[in-house]
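Note sheet for the following structure.
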Amino acid sequence: MKNLLGIHSLVFSGGTKPSDIATIVDGANAAGFDIVEFTLQDSHHFEAQSVRSQLVEHGMGAVCSRGLRVDADISSQDPAIVEQGARLLHESIQATASIGGSRLTGALYSAFGKAPGPLTAAGRRNVVSVLREAAVDAAKVNVKLGLEVCNRYETNVVNSAKDALALIEDVGSDNVDLHLDTYHMNIEEDDFVAPVLAAGERLGYVHVGENHRGYLGSGHIDFSAFFEALHTIGYEGAITFEAFSTAVVSPTLSSELAIWRDLWEDSASLATSAHEFITRQLAAAA
């Protein structure tokens with residue numbers, strides 16, 4: 001079993017200019033990663049052609065991720081806001097395809113940020129309806145949709161693997177699968193094994209990140225149990241490292257992602273350490 005290893009673009013830069021993209025792709029390639037995950041939170045300044053050409057030059061794959069905006073929240077009960085969200089998903093799917101990306105993932109089902117109250121039944125129906133259409137839209141350009149399980153402070157729609165699997169079932173598309181993230185699992189799940197086993201073949205993408213978003217192995221997450229569970233289900237998808245620090249992320253994204261601490265400054269060291277850590281965990285689990 002050979003899992004492609006990915007790294008989030010924000011490990012290297014929060015910018016979107018060609019020079020920023022070069023820093024990201026060069027850094028990911030030098031650390032040995034196969035995939036770069038790009039955030040689309042600042043998609044208006046995302047230079048797709050520059051991204052694609054540099055990925056092709058290094059022989060690397062791409063994934064895109066995002067959460068929705070408050071004015072484009074498909075879990076809203078306001079038809080105009082839901083329609084705006086559907087358009088944003090369409091634009092994000094096209095942006096992913098334009099750089100040769102294989103997957104669009106994240107909180108694709110709601111606004112990203114602490115919700116003012118619980119999800120309503122009408123809001124959930126809107127989520128299901130829009131995601132069904134988005135799944136068809138994405139399939140046309142060979143992009144898979146992933147529903148990332150995020151914590152309660154970032155969404156009120158999907159906070160556990162159980163929530164995500166129920167939503168995937170209701171959407172009813174083979175082009176939508178589950179995305180687990182150890183950072184969020186640490187907050188919301190009982191352990192790091194049961195959600196993986198419950199997901200089984202519906203698990204399509206994985207984020208590994210420490211409980212504080214720093215160096216892997218420097219926190220308290222039980223990565224051994226998590227990687228053993230991945231091995232148990234025969235997981236063959238990508239495993240992507242995600243970490244954030246105010247030293248790298250732009251001020252706008254830092255506020256949006258609640259990144260208040262300088263957890264690391266040396267991106268190259270962090271990336272190399274993460275690649276080695278993931279490789280060791282996979283070997284140990286095998």
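The values are calculated or read from the model by the stated rules, or taken from the named source; none is laboratory data. What you see is a predicted model, and the numbers here were worked out from it, not measured in a lab. Don't worry about glycine lacking a Cβ; one is built from the backbone with ideal geometry, like all the others, and counts go over all protein chains shown.
Evaluation of residue 134 against the conditions (1) under 21 Å from residue 40 (Cβ atoms); (2) surrounded by fewer than 16 Cβ atoms within 10 Å (Cβ to Cβ) shows that the sole unmet condition is (2).
Which residues, counting only those in the stretch 62-95, are small (Gly, Ala, Ser) and out of contact with any helix residue (DSSP H, G or I) (no Cβ under 7 Å at 6 or more places or on another chain)?
Taking the stretch 62-95 as the starting set, the residues that turn out to be small (Gly, Ala, Ser) are 62, 65, 67, 72, 75-76, 80, 85-86, 92, 95.
Across the stretch 62-95, the qualifying residues are 65, 67, 80.
Let's see how each residue does on (1) modelled with pLDDT under 95; (2) within 24 Å of residue 201 (Cα to Cα); (3) basic (Lys, Arg):
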position: 89; (1), (2), (3): no, no, no
position: 113; (1), (2), (3): yes, no, no
position: 119; (1), (2), (3): no, no, no
position: 136; (1), (2), (3): no, yes, no
position: 156; (1), (2), (3): no, no, no
position: 165; (1), (2), (3): no, yes, no
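Between 256, 228, 236, the distinction of being under 27 Å from residue 168 (Cβ atoms) and touching a helix residue (DSSP H, G or I) at 6+ places or on another chain (Cβ under 9 Å) belongs to 228 only.
Okay, residues lined up against (1) closer than 19 Å to residue 180 by Cα; (2) acidic (Asp, Glu); (3) out of contact with any Gly (no Cβ under 9 Å at 6 or more places or on another chain):
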| site | (1), (2), (3) |
| --- | --- |
| 4 | yes, no, no |
| 31 | no, no, yes |
| 55 | no, no, no |
| 65 | yes, no, no |
| 94 | no, no, yes |
| 113 | yes, no, no |
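Residue-by-condition table, conditions (1) at pLDDT 95 or above; (2) touching a Cys at 6+ places or on another chain (Cβ under 9 Å); (3) not β-branched (Val, Ile, Thr):
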| residue | (1), (2), (3) |
| --- | --- |
| 8 | yes, no, yes |
| 17 | no, no, yes |
| 31 | yes, no, yes |
| 36 | yes, no, no |
| 39 | no, yes, no |
| 44 | no, no, yes |
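Can you name the residue in the stretch 184-193 that is farther than 17 Å from residue 153 by Cα and touching a residue at least 24 places away in the same chain (Cβ under 8 Å) and is also surrounded by the fewest Cβ atoms within 10 Å (Cβ to Cβ) among such residues? Restricting to residues being farther than 17 Å from residue 153 by Cα and touching a residue at least 24 places away in the same chain (Cβ under 8 Å), the top hit is 191. Just one of the listed residues (261, 213) is in a loop (DSSP other than H, G, I, E, B) and modelled with pLDDT of 90 or more, and it is 213.
Restricting attention to the stretch 264-286, report how many residues are outside any loop (DSSP other than H, G, I, E, B) and either more than 21 Å from the chain's Cα centre (by Cα) or of a type outside the set (Ser, Thr, Tyr) (or both). The number of residues fulfilling the criteria is 15. Within the stretch 153-172, identify whether any single residue is touching an Asp or Glu at 6+ places or on another chain (Cβ under 8 Å), within 21 Å of residue 213 (Cα to Cα) and hydrophobic (A, V, I, L, M, F, W, C), and answer yes or no. So far as the stretch 153-172 goes, yes, one or more of its residues are touching an Asp or Glu at 6+ places or on another chain (Cβ under 8 Å), within 21 Å of residue 213 (Cα to Cα) and hydrophobic (A, V, I, L, M, F, W, C).
Okay, residues lined up against (1) surrounded by 23 or more Cβ atoms within 10 Å (Cβ to Cβ); (2) at pLDDT below 95:
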| position | (1), (2) |
| --- | --- |
| 199 | yes, no |
| 222 | no, no |
| 232 | no, no |
| 246 | no, yes |
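Contact map, the stretch 163-183: residues that are under 24 Å from residue 241 (Cβ atoms) paired with residues that are buried (at least 18 other Cβ atoms within 10 Å of the Cβ) and among the small types (Gly, Ala, Ser), Cβ distance under 6 Å, separation 6+ or inter-chain. Pairs shown: 176/135; 177/146; 177/204; 178/164; 178/199; 179/146; 182/209; 183/209.
Restricting to the stretch 144-172, name every residue that is among the small types (Gly, Ala, Ser) and surrounded by 18 or more Cβ atoms within 10 Å (Cβ to Cβ). Step through it out loud before you land on a result.
Filtering the stretch 144-172 for residues among the small types (Gly, Ala, Ser) gives 146, 160-161, 164, 166, 172.
Passing the criteria: 146, 160, 161, 164.
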